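J.: I am attaching a structure below and will ask some questions about it afterwards.
The values are calculated or read from the model by the stated rules, or taken from the named source; none is laboratory data. Computed from a prediction, not measured in an experiment: that's the story for all the values here. So basically every Cβ, Gly included, is an ideal-geometry build from the backbone, and we count neighbours across all protein chains shown.
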Amino acid sequence: MVGVITTREALKLAQDAGMDLVEISPNADPPVCRIMDFGKFKYQESLKEKQARKHQHSVIVKEMKFHANVGDHDYQTKVGHTRGFLEKGFKVKISLTFRGRENAHRELGFEIVNRVLKDCGDVSVVEMAPRMMGHSIVAMLGASKYAEHSAHPAQKAPSAHPARAAEPVSAPVVAAPAVAAGPEKTEIKKLDEPAALV
């Protein structure tokens, strides 16, 4: 902690040390500056940002596949698994693929998918309504707020395998502090303003 000195003196100290004068708190009175290696500072900030991204929560998507001629017992088993995933806080992609002549009776496929959405309605939110994609009907279910409170511990830990159709995760943007201009760019009236140097 050097104390309150003029900007000219602070720049001279930084140049003597072979480092940069970095403004840490521009809104403070007087502004707070630090003598440091700005390149090293930027590198450390990028490492912190990378570490923060690594610990961010990733959404895991499970997929449940159906067929147009699914049996009742098979249907109940798959719906049970779907409800289990939703109660643990996972997203579930429902897909029903038509094979051969089944394409002529697509209304049966929509009936089955809508029945799944109805049977899971108390523990889910429909994020994507059923729609045709090629030879398949696809829908997306998300866990309701009630189900998210009892999320599975595996959901909270980052997955080793990247999830398909996962939501984009945004990392916080860390802005680097502004570097005080060199003596050739500094206005004369600012040279005598005091600055706290730490």
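J.: Looking at (1) hydroxyl-bearing (Ser, Thr, Tyr); (2) within 28 Å of the chain's Cα centre (by Cα); (3) assigned by TED's automatic domain parsing to the domain that holds ALA129, which is the one condition that is false for SER46?
T.: That leaves (3) as the condition not met.
J.: Go through GLY71, GLY80, GLY18, GLY39 for me and flag whichever is outside the structural domain of ARG106 (by TED's automatic domain parsing), out of contact with any helix residue (DSSP H, G or I) (no Cβ under 7 Å at 6 or more places or on another chain) and either on the phi < 0 side of the Ramachandran plot or of a type outside the set (Gly, Ala, Ser) (or both).
T.: GLY39
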